[in-house]
Every structure is written in C-alpha cells, then in structure tokens.
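Report on the structure given below.
No lab work stands behind these numbers, since they all come straight from the coordinates. Note that the coordinates shown come from a computational prediction; the quantities given were computed from them, not determined experimentally. Here the Cβ positions follow ideal geometry from the backbone for every residue, glycine too, while neighbour counts run over all protein chains shown.
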Amino acid sequence: MKHLRPAIVLTLFFVVLTGLAFPGVVWAIGKVAFPSQAGGSLIKDAKGNVVGSALLGQNFTKPEYFHPRPSAAGAGYDAANSSGTNLGPTSDKLINGIKDDPATKDVDETYLGFRDLAKGYREENGLAPDAEIPADAATRSASGLDPDISPANAELQVARVAKARGLGAERVRGAVADNTSGRFLGLIGEPRVNVLQLNLALDALK
C-alpha cells in the first residue's frame, strides 16, 4: 500500500487535471474569446439559417454563382471524406485523367484530369481555348474542402455571374472585393475569396 496509494492518487489527479480541468478551461476560453471559431465558424443566410462553415467549401454549379476549385474529397466536397488526389506532378492521370470504360456498366471510372478541368473552366466562363488561368481554377486542394479561391480565379468568373444575374460587372466585382481577405498580418499566405460568403452576398443584392 505504501507504493500503491501514491500511484493511484497521482493517476486520479492527472486524469482530472488533463482529462477534465484543462480541456474544460480551454473550451470555456474558446467560447468566450472566440465564440464563432469555437462554434465551427458557421455561416447563416439572411433568414438566420445555418448554410455552412467558413472553413469548409461547398460545390456550386449554377451559372449565377461563383464556383469553387475542383475537389477530390469523395464525390466532391464531402466533409466526411477529406482527401487530395495524392498524384504526383508527372502523373498521366493527374494531367490527362481517365475516361470511363463502357465495359464497366455499374461503375463510373471517369476521372477529370488537369486538361479536362482547364478546358471546362474556360468554356463555362467564355474564355479563349488558350487563355491563361490561375492554378486553383483547375487543380484540387490537398484537403478537397478548400473554401476559398484566388482573386484571379474570381475575376475570371465575374462576367459569367454578372450576366446570369443581370447585374453590372462592376457591382459583382464590388461584392468580390468585399469578400476578399488579405494576407495574415500582411505577410503570411495569399489573398483569398470565400466562395460561400461571396455567393450569399450576391443573393442579398437587390
């Protein structure tokens, strides 16, 4: 008992300290000091309904919305299946993709490569076949859940969105500018546009 009692007491002490007290204090500080981040950075629409998170991308396909970068998470932007392509820069699959084999009737094996994605991006935005596009327009992010696109990507989508909504291009550019975040502390990272927040801002325009 001389050695057993201190061992049991210390075990219980550290269980309470590291398993209950410390997580509880961190949770409480987060809820008070950073309520939005601690709650998942949730975004609500004009009616107060939760429509997503500022940290998780969603897929938009309608012409009146800005589109996110391609995703390799499940069938696309599957938050339960976060994943990149895990393909190297010289991979033929990454560049040229894979077309579905008609012999596999029950399985769709189609995988869009960079060339396919770039071609589709240029066509949907009315760009020339050889127009230069930003990398994030036709490449998948490492997580497959990237909520942001580059300002250059957003700029190339302005004309399509403005036409589909019957708005002036400058008004749409203003919405893009309002939803563009700069570098962290002015030094870290790159400017970015949150796609969900931008599309909600466009829906709020009269």
In the stretch 27-157, if the dipole is taken from +1 on Lys/Arg beta carbons and -1 on Asp/Glu beta carbons about the Cα centre, which of Ala79, Leu112, Ser53 is farthest to the positive end? Ser53
Please work out the FRET efficiency for the pair Leu187 and Ala152, using the Cβ-Cβ distance as r and a Förster radius of 25 Å; give the result to the nearest 0.05. 0.80
Please compute the contact order of the chain in relative form: average sequence separation of alpha-carbon pairs under 8 Å and at least six residues apart, divided by the residue count, as a percent. 20
Measuring from its Cα centre, the stretch 50-171 shows a charge dipole (+1 at each Lys and Arg Cβ, -1 at each Asp and Glu Cβ) which, in debye to the nearest 20, is 300
Stretchable slack from Glu109 to Leu42, in nm (0.36 nm times residue separation minus alpha-carbon distance): 20.7 nm
Rounded to the nearest 0.05, what FRET efficiency do Arg173 and Glu123 give with R0 = 30 Å and r taken as the Cβ-Cβ distance? Could you check? 0.85
For the chain, what are Rg and Dmax over the alpha carbons, in angstrom? 23.0, 82
Note down the net charge around Tyr65, summing +1 for each Lys or Arg and -1 for each Asp or Glu among other residues with Cβ under 12 Å from its Cβ. 0
Selection from Asn153, Gly88, Val25 lying farthest towards where the dipole of the chain points positive, charges on Cβ: Val25
For peptides 7-16, 88-97, 142-151, 155-164, sequence by mean Cβ density within 10 Å, most packed first: 142-151, 155-164, 88-97, 7-16
